[in-house]
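What follows is a set of notes on a single structure, which appears directly below.
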């Protein structure tokens, strides 16, 4: 939909797609294992707030819902249709959608351009039908969409129901889109929109990005991209987007074998990796290597201020983590900057006489937890430091968890011990959040104690997670994330001037 | 302990240290927060099978155990002592250990060479005392040790109680040693020995590595190293070790700031990174970047055969993961090799007509789970493929977890759905384990469904974990791990001939 008027009209349809009053599932099924079953199940399970109309010529009921034999039988207006029919029946369904004024459809069905010549012809037919019918078509060969607010529309191939939040996803892979949702969900990270664009025969990645520029619910945009058809349009949209919010991208197809796999996947022609990389740099796009990386980074953008520079202060509860984090920061292009004498003197007041008097600040194992948090604050107050990596959060309750199964845990000593450590993490959490808010500097956390947080029920770790503050389980991950916050900050400074 | 006789004597003492009949805690305490409390607590909590003798001049009881006023009051023989006294009292304690025939001690106390000149003098004194008393001394400034079988000796600063198993740890950082134990424990990964060597004033990293060469319980050795004092000895020991089992190393101090932090940490002079890297290559040491990386790799060595070459077959349940894994394999130096026509024909029989007919094998979402496992087997049978990365294990029960909270989950459809998916993962697990055993090729698994496995109680995922088969949550991690298996295999082939 190239023309200016077309773009506006398309954006209106995308708006309706994300906020539909009602949804039809064309090809709904009672047969377990069929997509027509799965999509209906997920739409219901996700708590969609509008009307749900399963469509199947057999009629009857599915999961307690009336099944309509066709679209025309539906008693109310329909805004969005999911199409789960065999490839040869898709053209007819789209045409019917158009005739009933349905403005958007999501074609899950595969078997189009990704299969080569014959599939391409069929795909051209459905595009022509969608244009004629004035229907915004997502797909084909896609995994569905999510739109959390206000619709509570969770209609994807995978059983994924992340909470409502502020990360928007556009993906040229259905299983990567699903993976992201799964990983967000498991870590309590909120999602605003998710679109698996499939073969993007009509609605393109760029159209969704365009919508997200002004979608206030979406504060960080992440994308999985195999290929870009129209580089100029992509760069134009990306530039306008990154001026308002970060865009974090995984590029699939950086190797010959990857490119070849991408071709058979969505029919995408993965362009030169160097060209894509240059585009990213010019448009302020943050490029990451994989999904773990992407989530680490996206979440930090939601909860952390953008640092003014690359000078990082490291506060550690033990030497090894301090050493590895200094190495990782250096490798990521951050400056583990010397601390001025004034800051060293203030730390002297809090730390034992033999502390190492440098950055990284090594707390020396065994210091009270209060000193750790205080040291983070003192370093955050230093105007020659732009950001902090604090290592070692979460020890208090880990101790509790460790002795929970001790044989004689009810003796006085155990009970006192638990009482002494239980609340230290929660107090520390609030202190750290206050430092971030007061000093407007990022404070990234890393500790092995995050692992198994669900098991341990560490209230502080889980609460931080709900506030989009992850505790990274390695020294490299926060260093990489911080370097990306710095890079985006510099891009924004440059483009603002 | 440089001389030949001394080395033998020292090894005998280290053997006793890992299998002591009794342990004294010199400086045990009832005061919560003191190390004398924590170490006693952990030793008891870890279920140590020998006698425990807390020592404190105040006498009385700690956690129901009699406290002895001094070592001489102890009624039986003592094999190992932990020393938790202030620095100036350590010399006396070591001398007393010697006079009572205690062959090994672990000095937790800090405040020695890591503090500079004065600390160095004090450290020289305790070394002299230990030599004179004929006591093998670990530390000072260390976090303790673990020896799982037969002693069940868990005596570290951190509350870490991993199951008994086959990974041995030597660490020049106490908090990295503790982090590793915590991460092993949380993932059900078994540990044989763990030594935090601290300032290694007497017993060196190399002495522990020497012991581990012939320690049959230890099948994989991992180490965190900041500096190597005697490069020739280190290389000699490493060469002899890697001829029998893999040695995986994190090197701390690769940057100026990291080196500086290391100096104040354990007093280690971190050598040139390039020199260390060359040493690793010459000795078949597998070098990794951080703790996550190290665990990924160590566990694979326990459960996977060493591949004969670098030709990897990728089997994926969807395009995006296939693309990213092909990229990651290529970057890691693996060969995503073409499949011969014979293998393609065999896959044709199992996959839909439109499958992509290449490596990576993209299953195309929606295929039955059985076809996925069968495709892994067919690729494993191909003699032009040395190893497999299989993407997408664990979907069955993830579906169950997703609908567990559905409002009308008791309706017939839900119940049938759960029944249909519940057992597919367990069947698949057994099938994959059989493929590894039959074809003697590694099959590495990656899927986002591992995340939150504890929550989901995916029996298959948990059972695989207990068998040291991790499911990596990204495409890069299995590619990196596989590349290391390949590299070690080549080293072993080269040194065998």
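Any read-out appearing in this document is the output of simple, stated calculations on the displayed coordinates, not a laboratory observation. Note that the structure is a prediction, hence the values are computed from the model and not measured. Glycine also receives a Cβ, built like all others from the backbone with ideal geometry; neighbour counts cover every protein chain displayed.
Relative contact order for chain A: what percent, with Cα pairs under 8 Å and sequence separation of 6 or more?
Taking the mean separation of contacting Cα pairs over the length of chain A, I get 11 percent.
Please work out whether region B:17-72 counts as rounded, prolate or oblate from its C-alpha gyration tensor, where a ≥ b ≥ c are the square roots of the eigenvalues and a/c under 1.5 means rounded, while otherwise a/b larger than b/c means prolate and anything else oblate?
Oblate.
How many nm separate the modelled label positions at residue B:61 and residue B:490, each set 7 Å beyond the Cα in the direction of the Cβ?
With each label point 7 Å from Cα toward Cβ, the separation is 6.3 nm.
Inverting the mean 1/r over all pairs of different Cα atoms, compute the Kirkwood radius of the protein assembly as shown and quote it in Å.
Value: 29.9 Å, from the Cα pair sum.
Grab the alpha carbons of chain A, take their convex hull, and tell me the volume per residue in Å³.
166
Give me the compactness ratio for region B:190-333, meaning the Cα radius of gyration over 2.2 N^0.38 Å.
With N residues counted in region B:190-333, Rg over 2.2 N^0.38 Å equals 1.18.
Report the extension gain between residue B:342 and residue B:230 in nm, rounded to one decimal, defined as 0.36 nm multiplied by the number of residues separating them, less their alpha carbon distance.
Stretched fully, the residue B:342-residue B:230 segment lengthens by 34.9 nm.
How tilted is helix A:174-186 with respect to the longest principal axis of chain A? Cα atoms for both, answer in degrees (0 to 90, nearest 10).
40
Beyond 26 Å, what share of the Cα-Cα pairs of region B:52-197 is found? Please give it as a whole percent.
29
Please give the helix B:256-266 orientation as an angle from the longest Cα principal axis of chain B, in degrees from 0 to 90, rounded to the nearest 10.
50
Mind listing the label-point distances from residue B:118 to the same position on all other copies, shortest first, one decimal in nm, points 7 Å along Cα→Cβ?
Copy-to-copy label distances at residue B:118, shortest first: 8.6 nm.
Put the label 7 Å from Cα along Cα→Cβ for residue A:95; what are its distances to the other copies, in nanometres, shortest first?
Here the equivalent label points are 10.2 nm apart from this one.
Work out Dmax and Rg for region B:4-301 from the C-alpha atoms and quote the Rg first, both in angstrom.
18.1, 56
Just to confirm the numbers: residue A:240, label point 7 angstrom along the Cα-Cβ line, distances to the other copies in nm, shortest first?
7.1
In degrees from 0 to 90, rounded to the nearest 10, what is the angle of the helix A:231-242 Cα long axis to the longest principal axis of chain A?
Rounded to the nearest ten degrees, it is 50.
So what's the convex hull volume per residue for the Cα atoms of region B:48-118, in Å³?
113
Counting only DSSP beta bridges with both residues in the protein assembly as shown, what percent are antiparallel, rounded to the nearest 5?
Just about 15 percent of them are antiparallel.
For the pair residue B:462 and residue B:131, how long in nm is the line joining their label points, each one 7 Å along Cα→Cβ?
Label at residue B:462, label at residue B:131, 5.4 nm between them.
What shape does region B:158-199 have by the C-alpha gyration tensor, where a ≥ b ≥ c are the square roots of the eigenvalues, rounded means a/c under 1.5, and otherwise prolate means a/b greater than b/c and oblate the rest?
oblate
Rounded to the nearest 5, what % of DSSP beta bridges with both residues in chain B are antiparallel?
15
Once you compute Rg and the Kirkwood Rh from C-alpha atoms, what is the Rg to Rh ratio for region A:118-205?
We get a ratio of 1.04 for region A:118-205.
Quick one: work out the % antiparallel among DSSP beta bridges in region B:4-301, nearest 5.
Roughly 20 percent of the beta bridges in region B:4-301 run antiparallel, per DSSP.
Return the equivalent ellipsoid semi-axes of region A:112-262 as a descending list in whole Å, where each equals the square root of 5 times an eigenvalue of the C-alpha gyration tensor.
Computed over region A:112-262, the values are 24, 17, 17 Å.
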